[in-house]
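See below for the structure under consideration.
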Amino acid sequence: MPSVISFRHAQVSPAERQARFTAWVSPHLQQLHRIAWRFTGHSQDAEDLVQELLLRLYRKPGVWDKPEQPGIWLIRSLHNLYVDQWRRTRRQPLSNRHNLDWDELAGMADSGETDPERLAHSREIQRRLSAAMSTLSQEQRAILVLHDMEGHTAGELSLLLKLPLGTVKSRLFRARRQVREIFLKHGNPAAGFYVLSDELEAT
Amino acid sequence: MNCEISQSLLDVPAEEIPAAARAQIQVHLETCAACRTAWHAQRLLGAALAAVPAPDFSEVAGQRLLARVFAFDTRRQQHTMVAAAAAAVLVAGLVTALTLTRYTQTPEYVFHNGTLILQSEQPTTVGVRFDSGSALANVRFTIDLPQGMQLAGQPGLRHVSWVGELRKGQNLLKLPVVAHAGTHGVLTAELSQNGGSRRFSLAVLASQPNPLAVRLWHGLTHQFDTGT
Ligand SMILES: [Zn+2]
């Protein structure tokens, strides 16, 4: 098998190529960064992950100059990079580093709040959630992020990520169970309130 | 509904739980404190997941990130060029042959008596093979097409030039072209590196799109795999 010589983009100058790439990816950067941040739980890791993704894409011009649905395609690529390639080694072990970042952003302070929608923002709840999520595998975490934070259904994720529906569902079930168990480990944070009926109705 | 079923459904995303099951859970919860607590917790967890804030990522931050990507890419290319300069080999002595080659099962063109014969107006990808005695980086490839022929999908484009690399051994260039009826001329491929260069020429002919020519064209395909 001979090596294949590529001459695509032969007549495009580096500046032009950068401009094209910028135009192609810019509308999706914020979303990519947000998802990467939720995958990794840390700003610097999120930037590293997105940067790694873009660098790989940029070096493969044939891939990004035919954007069918670039948004979907980019999310899938980000997911695959995170799940398959991203090494946790660069991150410190489950230390406070992971939680600090969430802490900074967690909105409300604890104040005896019982409404779950408001309680959910509290520092304590967000810290617990962060700790629980950091025990997940990358596969499980990614699915949970895309489902429960980004709002995709299991069916949508199956199409988006080109994964069998059964795979999406089993990752999601396991992720939800594990997060809930750890979330509840130190006492039930929901014990202080009871508003239920509208929840099941609303969903 | 019993506790086991009720609590097993905690792992199921809400949108996946059938309406009938939801109603049954509802009934069960009215009498079961343990499940009520579990479902409270699940609701809080769902709300907490939805409440994880989105970090700020400004347009400026995006531009900075892209600038880093481009800088990384450039740095890597420079490494390649340094390596090429150190090797200081001339492509002229090393690229020994240009061969037309077939790389698909269905040949779209023929090579006959030293001439590349194409069906006119048919976008065709011609396989051009360069054999190189060693790996060469930073090689400038220049392709010039004869009058009447152009790169497929690029009206009027007959000249293309870029810098790339050659691996040791066979290197395949897939060249998508289209030729108008009556085209006859010479395709040239020039490879240059560090001041040395090697130039290859190839006669090109576009056949008329008529049944006889097509039959002739098919008849010729068996003679295909030759040439220098
Ligand atoms: Zn029960």
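The values are calculated or read from the model by the stated rules, or taken from the named source; none is laboratory data. The structure displayed is predicted, hence computed values, not measured ones. Every residue, glycine as well, gets a Cβ built from its backbone with ideal geometry; the counts of neighbours run over all protein chains shown. Calculation scope for accessible area: heavy atoms of the full protein, side chains included, ligands and nucleic acids excluded. Shrake-Rupley method; radii C 1.70, N 1.55, O 1.52, S 1.80 Å.
What the table shows:
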item	result
Drop in accessible area of at least 30 Å² in the complex versus isolated chain, residues of the range A:127-143, 1.4 Å probe	A:129
Per-residue SASA entry for residue A:73, accessible area with 1.4 Å probe, Å² rounded to 10	80 Å²
Estimated dipole of the range B:3-51 in Debye, rounded to 20 [Cβ of Lys and Arg +1, of Asp and Glu -1, Cα centre]	160 debye
Other protein chain Cβ atoms within 10 Å, averaged over every residue that makes up B:61-74	6
Listing of the range A:20-48 residues, each with accessible area lower by at least 50 Å² in the full protein assembly than in the chain alone (probe 1.4 Å)	A:29, A:33, A:47
Violating pairs (Cα-Cα greater than 26 angstrom) within the set A:162/A:185; A:162/B:174; A:60/A:162	A:162/A:185; A:162/B:174
Solvent-accessible area buried by pairing B with A, both sides, nearest 100 square angstrom, 1.4 angstrom probe	5900 Å²
Residue order for B:70, A:183 - accessible surface, 1.4 angstrom probe, largest first	B:70, A:183
Carbon and sulfur %, accessible surface of the range B:3-51 computed with the full protein complex present, 1.4 Å	61 percent
Test item: A:69-76 mean partner chain Cβ contacts at 10 Å	0
Average partner coverage of B:12-19, which counts Cβ from other chains inside 10 Å	4
